[in-house]
Structures are given as structure tokens and as C-alpha cells.
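Have a look at the structure below, then the notes.
No lab work stands behind these numbers, since they all come straight from the coordinates. Here the structure is a predicted model, which is why all the values come from computation and not from measurement. Cβ atoms come from the backbone with ideal geometry, glycine included; neighbour counts cover every protein chain shown.
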Amino acid sequence: MTPLRIGDIEARLPIIQGGMGVAISMSGLASAVANAGGIGVISAAAIGMTEPDYMRNYREANKRALQREIRKARSLTNGIIGVNVMMALTDHEALIQLAVDEKVDLIIMGAGLPLRIPGMLAEAGFTDFHTKLAVKVSSGKAAKLIFQYWTNKYNRIPDAVVVEGPLAGGHLGFKADEVVGDVVPLRQLIEETVAEVKIFEDKFGKEVPVIAAGGVYTGKDMYDIMQAGAKGVKFGTRFVTTHECDAALAFKETYLACKKEDITIIKSPVGLPGRVVRNKFVDEILQGNTKPFKCVWNCLSSCDYKKAPYCIALALYNASQGRMYEGFAFTGSNGYRATKIVSVQEVVDEIVNEYNVELANNTAIGKKIIAEAVA
């Protein structure tokens, strides 16, 4: 595999672990992936729910918890650590500033358009910093919009782009009818985005890697999508069923028990479709039942908490703690393929080995080696 370069940082393997919230990918999972040669990512989404005073001091709890997890990850690895921040979080600016101040290697920004982030950082005094800024999009059109805005407004462009297709887990940047049935192929989205980004790469004389995500599960999948122009792949669901994943065992076992037909789409209070593993909680909300709650601070700007049938942050946190009867698990379309809980290193080794087999099968030198071995 070719290393993944994002500006002046380089990951030995072009494997990025998805930032999964709430409290699914924290310092444990992120540091393990970083130690295995990839990029480990901590999810900032409602991360303060792990703090005892979250209900009273939610903003400070979020910052305190994110700082704690970044520093803990740093104590466990010398590898590359990133943070995933949803633009839909009402405190996303404070969390991005904290991550930059903590000198994380990468911030991935999605669930909204991060149009004013460079200006916000400049206003906060961050003008020359180590952290690379990546944007997560669902189309080449969205990438072009962000790149054009940053170019005109700030004379700079993002350092990387994550293209997340309709087969991903969690909240999806597509309409409900676009994430089921004959969905737009991830390969097409990658090719379109690579073409759009190339214009800005030439203008700024800078390489901007496009990273694929959503529905990529094996090393063969990874090889195939990288032939479309992706420089790296983000795996989320694949890393859930690992010993190092920060979620409770009951959460991980949800994937082991999952069948293909158990994976379904719900309408999230955030206003986006979400791919989940069906359970009793999901059945109840699909039937129109509600889970009354008291919203302490409207953590998601796109959530109409006065009309929401349940609190998405609380449901996800409950699930991460193993209380599956009070929540549910997000999953990519391949979540049902997990059969056992293994180490992060085993997952990475399997992906790399599968990739190398596919590489050998599809290159002249590889075919020659195989032919000589058979002979």
C-alpha cells in the first residue's frame, strides 16, 4: 500500500478509522488504529456525556472530555490522531478550536458545510498551526462548493476530502430514497470529486487526497475504490467489533447477532436518514412511539427538540454503554458481516493482506509472481 500523505503528515497505511459517536471511537480505538499504521479518529459528538456533570455544564464537559481523550490517545501512541466534528453540533467551533490547540494531526468536518471554519480559526488567533483540515462531503458538487468558497474567501483549500457514500453507517448526507435500492456507486462519487478537486490542486500547487468511505469493508473493496482515484479509505463499522473499540461489549455483540435484513433506515431527529441495526427501540420509533426527554441545551442545531420523538444523543450514548433497550447502533451496510471480536491489528492485517492479493492479481508483476509460484 502507498502511504497516505496529507500535507506534511504521512500515515504508513492509507487507512482512516471513522469517528463514531457517541463514545464509540475514543482514545482506545483511535490509538490502536494509529499504532497499527493508520489514522485513528476520536468522535467529538456529545463526548461530554461521559462526564458526570454533563447535564449541568454541557459545553465545558464536552471540551474537557475531548481534551482528556486527545491527551490519553497521545499517551498511548506516537501515531496519527484525528478528531471528527459534526458541523451540526452547536458547539462545533469551540471543539475545533480545542482540537487545534491540542495539536491533533487532523480534523474531519462533516454533517454540514464548514464554510467559515478558516475565518473562525483566524479570528481565534490560529493562523499557523499543525492540524490539517479535512471536509466530509457526499458529492463532488458539495466539494466544489466548499473549495470555491474557501478559495474566494480565505485563499486556501482543505487539506483532504472524505467522500462518504450512501452505504455508510450513521447519519447520511442523502435523501431517504437515495440510500436504499440502486444507490449511486461510491466509485462514481469518487471519480467526480477527484475531478473537481484536481482544478484546485492545480491552482494552489498542492495535493489534496480524496478519501473514500461508506460500504467499503474488505481489502478487495479498498483496492477497487482506490483504482477510482481515492488515496485512502475510511473504515467505521469494520472497527466496531474490536477489543479496543471503546463501546460496551453488548454494543459490539449487536453486530455479531445482526443479519442483513436487520439493517434499516430511520429518520433521525437531526433531520437526516440514518442506517441502523434494528432492535426493539428502533421498532418502537418506527411505529411512531415516542421516548419523552428533557433537552438541556439543544446540542444539535438541526434538531427540533420540541418535536423530536426521542433524544438521538442520549439514545446513542445509552447504546455505547450497553443499554441497547434504551438506544440503538448505527452501522454501515456491511455491519452484518462481523462474526467475532478481534484486535484492531488483526483487522488491519486482514485488510492489508486482502488488498495485496488483489494488487497481485491485477498487476503484471503480481501475475508473474503468481504464475511462477503455481509452476
Response to the item:
Cα-based Rg/(2.2 N^0.38 Å) for the stretch 213-307, rounded to two decimals, is 1.36
Discussion item. I want to check the label-to-label distance for Val184 and Arg323. Put each point 7 Å from Cα in the C-beta direction and report it in nm to one decimal.
Written reply: 3.9 nm
Worksheet entry | For Asn84, residues with placed amide H under 5 Å, excluding near neighbours | Ile42, Ser43, Ala44, Ile108
Discussion item. Just want the answer: with Cβ charges of +1 for Lys and Arg and -1 for Asp and Glu, which residue in Ile211, Tyr255, His243 is farthest toward the dipole's positive end in the stretch 203-343?
Written reply: Ile211
Item to complete: Report the label-to-label distance for Glu123 and Ser343 in nanometres (one decimal), using points 7 Å from each Cα along the Cα→Cβ vector.
Response: 4.7 nm
Response to the item:
Which of Lys206/Lys234; Lys103/Lys234; Lys198/Lys231; Lys141/Lys175 exceed 19 Å between C-alpha atoms? The answer is Lys206/Lys234; Lys103/Lys234
Worksheet item: Separation between the Lys220 and Tyr149 pseudo-spin-labels, each 7 Å from Cα along Cα→Cβ, expressed in nm?
Response: 4.0 nm
Discussion item. Counting pairwise Cα distances across the stretch 152-196, what percent come out greater than 16 angstrom?
Written reply: 50 percent
Worksheet entry | Volume in Å³ per residue [convex hull over Cα atoms, computed for the stretch 4-247] | 122 Å³
Practice prompt. For Lys291, go through the aspartates and glutamates and keep the ones whose alpha-carbon is under 13 Å away, minus same-chain ones fewer than eight residues off.
Written response: Asp283, Glu326
Discussion item. On a straight-distance basis, which lysines could pair with Lys340 in a cross-link, Cα separation under 19 angstrom, same-chain partners fewer than 8 positions away excluded?
Written reply: Lys252, Lys259, Lys260
Response to the item:
Eigenvalues of the alpha-carbon gyration tensor of the stretch 266-330, times 5 and square-rooted, give semi-axes in Å, largest first, of 17, 13, 11
Practice prompt. Please list the non-local residues whose amide H lies under 5 Å from the amide H of Gly112, H modeled 1.01 Å from N, same-chain partners needing a gap of 5 or more.
Written response: Met87
Response to the item:
The relative contact order of the stretch 4-247, taking Cα pairs under 8 Å that sit 6 or more residues apart, comes to a percentage of 20 percent
Worksheet item: Using the per-residue mean of other Cβ atoms lying within 10 Å as a proxy for protection, in what order, highest first, do the peptides 85-92, 39-46 fall?
Response: 39-46, 85-92
Worksheet item: Ile16's amide H: which non-local residues (gap 5+, or another chain) put their own amide H closer than 5 Å, with H modeled 1.01 Å from N in plane and none for Pro or chain starts?
Response: Ile39, Val233, Lys234, Phe235
